[in-house]
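The structure under discussion appears below in the form of structure tokens.
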Amino acid sequence: MQEMEMDDYRQRAIAIHKSWLTEPLSVQEKKHLLKHLSKSSQKHLSDYFPRSTAKDYVAIMEKLNNKAYFSDKVYQYLDPVMEQLMERPKNRELFTQIGQKGGSTLFVVTIAMYAIDREQNKTELAFFANGLSDLEQVELSRNMNSFQLKLLTDKAFRERVNTELN
């Protein structure tokens with residue numbers, strides 16, 4: 001797999017996906033696969049995952065936050081996936097809308113999110129970290145929720161982050 005061309009890799013991944021749609025792996029097969037997936041294999045898979053930019057993700061989050069880009073029917077399907085955070089009573093107290101999508105591997109932490117608070121302030125955010133050590137990955141994963149909440153609810157913290165990034 002490590003010597004595969006990207007197009008071959010993508011075609012193979014699509015073929016596997018299609019076959020698993022019709023014949024999903026059993027629980028035993030999944031356990032076996034996870035047990036034998038080495039750290040170097042996971043690194044290689046992580047390197048082959050599709051990529052985009054934080055700027056592109058923020059643009060998508062803005063479209064989802066504004067609810068004006070897609071048809072109502074699209075949001076009917078997207079909102080239950082993206083806005084699971086609204087199921088938490090505390091989030092419903094703080095936000096009229098909040099959604100996110102994240103992904104992590106042993107080497108990568110990503111999060112893309114959007115929110116509208118009770119004062120109708122809109123926020124879109126994309127955070128990508130790659131090439132992480134084991135400790136960095138654990139620390140980021142453990143602290144991401146706190147960071148997001150503070151960013152969304154603490155104006156002084158938001159201004160500090162903005163100053164540091166610019």
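The values are calculated or read from the model by the stated rules, or taken from the named source; none is laboratory data. Everything quoted here is computed from the prediction, not taken from an experiment. Glycine also receives a Cβ, built like all others from the backbone with ideal geometry; neighbour counts cover every protein chain displayed. Side chains are part of the model used for accessible areas, which takes the heavy atoms of the whole protein and leaves out ligands, DNA and RNA. Shrake-Rupley method; radii C 1.70, N 1.55, O 1.52, S 1.80 Å.
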Yes/no for LEU165 being farther than 23 Å from THR96 by Cβ and either among the aromatic types (Phe, Trp, Tyr) or surrounded by 12 or more Cβ atoms within 10 Å (Cβ to Cβ) (or both): no
For HIS32: the one exception among (1) assigned to a helix (DSSP H, G or I); (2) surrounded by 12 or more Cβ atoms within 10 Å (Cβ to Cβ); (3) within 22 Å of the chain's Cα centre (by Cα): (3)
Restricting to segment 80-112, name every residue that is in a strand (DSSP E or B) and within 14 Å of the chain's Cα centre (by Cα). ILE98, GLY99, GLN100, LYS101, GLY102, GLY103, SER104, VAL109, THR110, ILE111, ALA112
Segment 126-144, residues that are in a helix (DSSP H, G or I), hydrophobic (A, V, I, L, M, F, W, C) and more than 27 Å from LEU94 (Cα to Cα): LEU135, VAL138
Restricting to segment 127-143, give me the number of residues that are surrounded by 13 or more Cβ atoms within 10 Å (Cβ to Cβ) and either among the acidic types (Asp, Glu) or modelled with pLDDT of 95 or more (or both). 2
Here the residues within segment 35-56 that are assigned to a loop (DSSP other than H, G, I, E, B) and within 24 Å of MET113 (Cα to Cα) are PHE49, PRO50, ARG51, SER52, THR53
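Quick grid of which residues meet (1) without any contact (Cβ under 8 Å) to a residue 12 or more places away in the chain; (2) over 20 Å from ASP56 (Cα atoms):
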| position | (1), (2) |
| --- | --- |
| ASN91 | yes, yes |
| LEU106 | no, yes |
| ALA115 | no, no |
| GLU119 | yes, yes |
Inspect segment 64-81 for any residue being at positive phi, loosely packed, with under 13 Cβ neighbours inside 10 Å and not hydroxyl-bearing (Ser, Thr, Tyr) and give the result as yes or no. no
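For segment 146-157, give me each residue that is among the polar types (S, T, N, Q) and surrounded by 13 or more Cβ atoms within 10 Å (Cβ to Cβ). Reasoning before the result, please.
Applying the first criterion (among the polar types (S, T, N, Q)) to segment 146-157 yields 146, 148, 153.
Answer for segment 146-157, where residues must be among the polar types (S, T, N, Q) and surrounded by 13 or more Cβ atoms within 10 Å (Cβ to Cβ): GLN148, THR153.
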Residue in segment 113-125 that is open to solvent by less than 80 Å² (accessible area, probe 1.4 Å), within 18 Å of LYS90 (Cα to Cα) and part of a helix (DSSP H, G or I) present: no
